[in-house]
Amino acid sequence: MYNPYIFSCTTQDKVEQGLWSGMNILEFTGLIGLGSLLAGFLGALTGLGGGVVVVPMLTLLFGVNIRYAIGASLVSVIATSSGAAAAYVREGYSNIRIGMFLETATTIGAIAGAAIAMHVSGSAIAIVFGLVLLYSAYLSSRHREEHDSNLQSSKLAQKLKLNGTLPTPEGKLPYNVTGVLAGYSLMFGAGVLSGLLGIGSGAVKVLAMDQAMKIPFKVSTTTSNFMIGVTAAASAGVYLSRGFIDPGLAMPVMLGVLAGSLLGSRILIQTETKVLRIVFSAVIALLGLEMLYKGLAGRI
């Protein structure tokens with residue numbers, strides 16, 4: 001039996017009309033699991049955290065109420081972080097010091113965003129979601145030198161010891177960090193978006209580190225994966241207390257995303273940064289357009 005608290009009226013009508021009538025709950029759950037597997041793969045590969053694909057997939061394809069989709073997404077984001085972050089830390093890609101420092105801003109923002117989401121309509125959330133994704137795709141597509149040897153580290157970065165090294169086939173390549181205050185401010189905004197949209201705010205985290213702090217893209221994506229679990233956990237508590245996390249929906253999403261994130265973490269290390277940027281931009285641009293259209297049309 002389908003849970004009336006999960007599915008929107010649109011999907012309920014489709015069920016009554018027989019569109020899903022030939023599919024039992026096991027098959028339906030399997031489809032959600034497969035979609036979540038792809039979401040976790042992309043989340044680990046690009047630093048998005050899986051939620052950026054899970055929420056549009058559940059709302060647009062399966063007709064899940066957007067608040068329940070966000071609740072399941074936040075659980076999946078925690079799974080993604082747990083699955084991918086360990087591998088990245090072991091390989092030396094994640095910058096733990098940067099992640100712990102910036103996480104103080106995103107956690108506060110996540111709690112604030114989750115509180116705001118309870119008083120905003122689903123269509124408004126979808127519109128904000130779409131705009132954020134489109135802008136993120138634009139910024140990510142802008143090329144910059146990946147390893148700028150002439151980049152000067154800011155005094156604050158030196159004081160906090162945020163500079164690090166990136167593993168390469170030729171050995172460890174040192175990099176400097178700048179724009180610490182700008183990155184910290186953006187991280188607070190990333191936390192608000194995480195609580196509001198249930199995406200783990202990986203897109204904004206990656207862009208804050210990549211564009212504002214000039215951190216190498218692979219370090220940005222891996223450090224983002226390290227951070228998103230804590231951010232999602234902060235906002236997931238609010239959704240849980242309001243009853244918007246359904247175990248029957250969250251379980252296949254979480255398992256699929258976790259498996260996908262483990263696969264993605266293995267592939268990222270051998271993938272060229274240029275390819276990552278293309279995947280990153282293309283996926284979030286397409287999803288952003290779809291979410292924006294559905295939000296403006298009032299179909300969410």
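Applying the selection to region 163-179, what residues are open to solvent by less than 50 Å² (accessible area, probe 1.4 Å) and either of a type in the set (Phe, Trp, Tyr) or farther than 14 Å from ASP210 by Cβ (or both)?
Within region 163-179, GLY164, PRO167, THR168, GLY171, TYR175 qualify.
So which helices (runs of 4 or more DSSP H) stay within region 1-112 end to end and still have 1 or more residues that are modelled with pLDDT of 75 or more and open to solvent by 60 Å² or more (accessible area, probe 1.4 Å)? Step through it out loud before you land on a result.
Values: elements: 9-17, 25-46, 51-56, 66-91.
Qualifying helices (runs of 4 or more DSSP H): 25-46, 66-91.
Table: residues versus (1) among the acidic types (Asp, Glu); (2) within 21 Å of GLY40 (Cβ to Cβ); (3) modelled with pLDDT of 85 or more.
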| site | (1), (2), (3) |
| --- | --- |
| LEU173 | no, no, no |
| THR178 | no, no, yes |
| TYR184 | no, no, yes |
| ALA190 | no, yes, no |
| SER194 | no, yes, no |
| MET213 | no, no, yes |
| ALA232 | no, yes, no |
| ALA236 | no, yes, no |
| ILE269 | no, yes, no |
Quick one: is LEU292 over 16 Å from the mean Cα position of the chain (by Cα), farther than 14 Å from SER76 by Cβ, part of a helix (DSSP H, G or I) and modelled with pLDDT of 75 or more? yes
When only residues in region 115-134 that are among the β-branched types (Val, Ile, Thr) and at pLDDT 80 or above count, which is nearest to TYR293 (Cα to Cα)? ILE127
Looking at (1) assigned to a loop (DSSP other than H, G, I, E, B); (2) out of contact with any helix residue (DSSP H, G or I) (no Cβ under 8 Å at 6 or more places or on another chain), which is the only condition ILE215 fails? (2)
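Can MET227 be described as touching a residue at least 24 places away in the same chain (Cβ under 8 Å), open to solvent by less than 30 Å² (accessible area, probe 1.4 Å) and either touching a His at 6+ places or on another chain (Cβ under 9 Å) or not in a loop (DSSP other than H, G, I, E, B) (or both)? Even if it seems obvious, please write down each step before you answer.
Values: touching a residue at least 24 places away in the same chain (Cβ under 8 Å): yes; open to solvent by less than 30 Å² (accessible area, probe 1.4 Å): yes; either touching a His at 6+ places or on another chain (Cβ under 9 Å) or not in a loop (DSSP other than H, G, I, E, B) (or both): yes.
In short, yes.
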Is there any pair with a first residue in region 232-261 that is of a type in the set (Asp, Glu) and a second that is part of a helix (DSSP H, G or I) and crowded, with 23+ Cβ neighbours inside 10 Å whose Cβ atoms are under 8 Å apart and which are 6 or more apart or on different chains, and what are they? ASP246/TYR68; ASP246/GLY71; ASP246/ALA72
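The values are calculated or read from the model by the stated rules, or taken from the named source; none is laboratory data. Note that the coordinates shown come from a computational prediction; the quantities given were computed from them, not determined experimentally. So basically every Cβ, Gly included, is an ideal-geometry build from the backbone, and we count neighbours across all protein chains shown. The protein model used for the area step is the full one, side chains on, heavy atoms only, and it has no ligands, DNA or RNA in it. Shrake-Rupley method; radii C 1.70, N 1.55, O 1.52, S 1.80 Å.
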